[in-house]
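Working notes, beginning with the structure itself.
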Amino acid sequence: MSFPQFECFQISMPLPHVAQVLMASGRRGNPVGLKFLEELGTAFDAVSKHPEVRAVVLAADDKDFSFGLDVMGVAPMLMPLLQSGEEGRNEIQRHGALWQQALGRIAACKQPVIAAVSGWCIGAGLEMMAACDVRLCSDDAKFSLREVKVGIVSDLGGLQRLPQLMSHGWLRQMAFTGEDITAAQALAMGLVNTTHASADAARAAALALAQRMAQNAPQVVAGIKQVLNAQTEDAVEKSLAHALRLNASLFQTQDFMEAVMSAMQKRPGVFTGQ
């Protein structure tokens with residue numbers, strides 16, 4: 001049984017019973033755009049349903065894991081909705097729910113998923129990583145929950161899943177400041193399990209860990225994941241819906257437009273609370 005072909009992903013089985021989902025969009029930093037999101041859920045559905053797969057590694061073919069949401073790529077779709085009142089807010093929530101579901105396929109994957117992170121892991125990239133079961137990284141990795149810098153609430157699972165990994169104090173500091181976190185800081189916070197000398201070393205360690213998981217009874221491993229996920233699924237879904245409702249309104253504020261303009265002009269944003 002082979003895997004489907006994608007524009008933004010390559011799926012292979014480098015080891016027996018171990019699948020590797022490689023982000024390979026051909027764009028620097030694997031920005032999370034509309035095509036990427038469309039294929040992400042399909043890719044993880046295919047891996048989850050494959051009868052030979054017992055563990056999964058998510059990595060990037062680029063030196064950077066992901067720069068996060070492709071803001072400029074989704075702007076043509078979002079911009080007309082910003083001044084469209086309630087109808088626009090409803091449409092923003094509809095699109096956002098589909099994006100949440102795409103990242104949710106990682107968490108819902110039947111098999112354990114291990115992220116091998118190198119370079120930048122920003123915004124939606126960090127939220128993808130948070131949806132994985134285990135996270136390893138290279139020493140050069142840097143992490144940022146940067147949505148606060150672009151005038152919105154993180155709404156793809158970061159605020160919902162990161163509390164399972166790290167203390168609320170560290171998470172609140174990351175979310176309120178949008179500041180960058182080094183690999184050493186991420187290890188100390190509990191954001192990652194281990195750090196490694198290079199991107200290749202991190203991926204090799206992730207594959208080796210996946211192989212050890214794959215040696216166990218697959219139904220038992222899948223059952224453990226189901227039980228662990230059941231502890232938080234309802235709270236995650238409720239909080240994701242809350243974040244979407246907030247962003248549907250925040251997208252229509254002057255501060256959001258200022259965040260977009262300041263990012264395009266590469267200057268600090270000046271926010272008024274309007």
Space enclosed by the convex hull of the alpha-carbon atoms of the chain, per residue, Å³: 122
Span from the the range 81-130 Cα centroid across to the the range 8-49 one, whole angstrom: 14
Gyration tensor over alpha-carbon atoms, the range 1-133, equivalent ellipsoid semi-axes in Å: 28, 16, 12
Volume per residue of the C-alpha convex hull in the range 61-158, rounded to whole Å³: 101
Estimated 222 nm signal from helices in the chain, with DSSP H stretches of n ≥ 4 weighted -39500 (n - 2.57), rounded to 500: -15000 deg cm²/dmol
Principal axis box of the range 25-67, alpha-carbon based, largest edge first, Å: 33, 21, 13
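If the limit is 28 Å between Cα atoms, which of Lys110/Lys149; Lys110/Lys238; Lys238/Lys266 go over it?
On the way: Lys110/Lys149 34 Å; Lys110/Lys238 22 Å; Lys238/Lys266 35 Å.
The pairs that break the limit, which is 28 Å between Cα atoms, are Lys110/Lys149; Lys238/Lys266.
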Antiparallel DSSP beta bridges within the chain, percent to nearest 5: 25
Semi-axis lengths, Å, the range 138-260, gyration tensor of Cα atoms, sqrt of 5 times eigenvalues: 31, 21, 12
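Bear in mind these aren't lab numbers, they're just calculated from the coordinates by the rules spelled out. The structure displayed is predicted, hence computed values, not measured ones.
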